[in-house]
Each structure stands twice: as structure tokens, then as C-alpha cells.
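Written below as C-alpha cells is the structure these notes are about.
The values are calculated or read from the model by the stated rules, or taken from the named source; none is laboratory data. All values reported here derive from a predicted model rather than from experimental measurement. Note that we place each Cβ from the backbone using ideal geometry, even for glycine, and neighbour counts take in every protein chain shown.
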């Protein structure tokens, strides 16, 4: 019996040793900073001064949100960005998935081409698109001038078009991701349903609306949750291409947090904004779960 106990003890020790590197990584780079950010909400810290720069401020960081002129615009831009990019990426991805799910010549090559932007570095994508958006020498405005548009948009230099330009890139980059997940979902739909509907005289559009979309509802829900969370964390495109400008037209909450923390050295207020972002994402995700549950109950 003692031998069996020693064996089990060694097995447990070996198991803990295997997970120790990941566990230390989670504790050092996630758990400790998370707890520290909760403490920083009630502090003012200029981190250039080290721990000696910590000053207790109470609820001042939370009160500062109501006097922050950039916060309402950042939240508005975030909601606009999410409301446009998420449905557009999912709709285009669904149409591409339906098309590629049928007998299409070069299906594998097309699938790779559509998915490739998603695996590319967003920083690299931002640099390339910045060149394409150049109002003087960029190929996009060159094409628009060639087709007869005398005053093409200023894109990244225009407060009216900068956010639109970033949303176009996001839709282009994430469409391949939604397409691949929808393709996986389509593989689970029985072809017998489509054959039966064809016998009943259903058109392709009716099959899409009455068979494909309802049966892809779990995939749609997963995509909606993941993409909404990701859209509220958009940072790389804004940081590389516009830095929140021009005139704060592309300022989003993630870049506002970065600006407060690493440009204005207000780590306490940046932590408060980070937890505000967490609460927003949590509420939106909770609402999505409730809607999904109610929808499933109706089915």
C-alpha cells in the first residue's frame, strides 16, 4: 500500500511540474497585473518614478471619466466600428462559405486566399493599406480618379473618412475567418435537407433563409461573441495608421487607454478605463447569452 501511495505522490508531483511553467506565466503576466490594475484604480502612479510615485487618490480616477472629453467620442467610435464591421464580416463570410461549399473550381486555393489576410500581422496590413490610402499617390484614389471621381476621399487625413477606412480594412481582414468557421458549420448540415427542399420547389435563396441560416445559428452566435469582443479591443490599426486622429475621429477606447497610460503617464486612470472596457464587454456578452438562450427556447 505504501508503494502505491509513493507512486501516486510521484505522479502528482510530475503533473504539477509539467504545468508549473504555464502556471507561473499565468500568475506573473496575467493574475498579478490584473490584481494590480484593480488597486491602481484608487491610485495615481507616474511609473517613471517607480513605486515611490504611487499616490492614493480614492475615487478620483472614476470621477475623472465624467470630465473626460475624449471618452464619449471613443465609446461612440467603438460602437460604430462594432456595429459595422461585425455584421459585414459575418454576412460576407457566410456568402463566401456558401459559394465555396458547392463544387467550385480551385476551392482550396480560393479558401487560402480569403483566409490569408486574417493570419497576416495587423501592423504589416496597416502599413500596406496606409500606402494604398495615400490621397496623392495611393492606388485607391488613383483608380477613383481614373473612373471619373474628381474629388476622391482624403481617407486617413479626413475626419469624415478615417474611421471608414479602418473599418474597410477590418472587414477585409476578418472575412476569411468568418468564412472558414461558416464552412465548418456547413459541413454539418445534411445534404438530404437541401435535396428534399429542391423536390418541394424551394429556390436557392429560400434554402439559404430557411435551412442554412437557421442551422448555422450556433456558429453565428460563436462568431458574434468573439468578433464583438475583438472589435472593442481594436488597437493595432488605429495605433499604426491614425493614432486616434485626425481630430479624434478614430479614437477608440483601447487606444485611449494606451494614450493615458504611456503618453500622459496616468496609469491609475488608464486602469479605470480598462475596467470600464471590461464591464462593457461583460455586459454585451451577457446580453448575447441571454438572447441566445431565449432564441434556443423558442426553437
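Listed here are the residues, each with its yes/no results for (1) farther than 27 Å from residue 210 by Cβ; (2) outside any helix (DSSP H, G or I); (3) in the same structural domain as residue 237 (by TED's automatic domain parsing).
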{"position": "92", "(1), (2), (3)": "no, no, yes"}
{"position": "98", "(1), (2), (3)": "no, no, yes"}
{"position": "117", "(1), (2), (3)": "yes, no, yes"}
{"position": "153", "(1), (2), (3)": "yes, yes, yes"}
{"position": "164", "(1), (2), (3)": "yes, no, yes"}
{"position": "167", "(1), (2), (3)": "yes, no, yes"}
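Please determine whether any residue of segment 146-153 is surrounded by 14 or more Cβ atoms within 10 Å (Cβ to Cβ) and touching a residue at least 12 places away in the same chain (Cβ under 8 Å).
Checked segment 146-153: at least one residue is surrounded by 14 or more Cβ atoms within 10 Å (Cβ to Cβ) and touching a residue at least 12 places away in the same chain (Cβ under 8 Å).
Inspect segment 213-234 for any residue being assigned by TED's automatic domain parsing to the domain that holds residue 69 and farther than 23 Å from residue 83 by Cβ and give the result as yes or no.
yes
Can you find a residue in segment 289-296 that is more than 18 Å from residue 64 (Cα to Cα) and buried (at least 16 other Cβ atoms within 10 Å of the Cβ)?
Yes, segment 289-296 contains at least one residue that is more than 18 Å from residue 64 (Cα to Cα) and buried (at least 16 other Cβ atoms within 10 Å of the Cβ).
Select from segment 254-270 the residues that are free of Cβ contacts under 8 Å to residues at least 12 places away in the same chain and either assigned to a helix (DSSP H, G or I) or crowded, with 17+ Cβ neighbours inside 10 Å (or both) and list them in ascending order.
261, 262
Among the residues of segment 47-59, write down those that are out of contact with any strand residue (DSSP E or B) (no Cβ under 8 Å at 6 or more places or on another chain), in a helix (DSSP H, G or I) and either assigned by TED's automatic domain parsing to the domain that holds residue 270 or on the phi < 0 side of the Ramachandran plot (or both).
47, 48, 49, 51, 52
Quickly run through segment 233-253 and pick out the residues that are within 19 Å of residue 72 (Cβ to Cβ) and crowded, with 20+ Cβ neighbours inside 10 Å.
Residues satisfying the conditions are 234, 238, 242, 244, 250, 251, 252, 253.
Any idea which of (1) exposed (fewer than 11 other Cβ atoms within 10 Å of the Cβ); (2) not in a helix (DSSP H, G or I) is the one residue 44 doesn't satisfy?
Going through (1) exposed (fewer than 11 other Cβ atoms within 10 Å of the Cβ); (2) not in a helix (DSSP H, G or I) one by one, residue 44 breaks only (1).
Tell me which residues, restricted to segment 182-222, are buried (at least 16 other Cβ atoms within 10 Å of the Cβ), assigned to a helix (DSSP H, G or I) and touching a helix residue (DSSP H, G or I) at 6+ places or on another chain (Cβ under 6 Å).
182, 183, 185, 186, 197, 207, 211, 219, 221
Being in a helix (DSSP H, G or I), within 19 Å of residue 82 (Cβ to Cβ), without any contact (Cβ under 8 Å) to a residue 60 or more places away in the chain and in contact with a helix residue (DSSP H, G or I) (Cβ under 9 Å, 6 or more places away or on another chain) narrows it down to one of 277, 273, so name that one.
Only one candidate passes the filter, namely 277.
If residue 251 passes every condition in (1) within 28 Å of residue 116 (Cα to Cα); (2) at pLDDT 90 or above; (3) in a helix (DSSP H, G or I) but one, which one does it miss?
Evaluating residue 251 over (1) within 28 Å of residue 116 (Cα to Cα); (2) at pLDDT 90 or above; (3) in a helix (DSSP H, G or I) leaves (3) as the failure.
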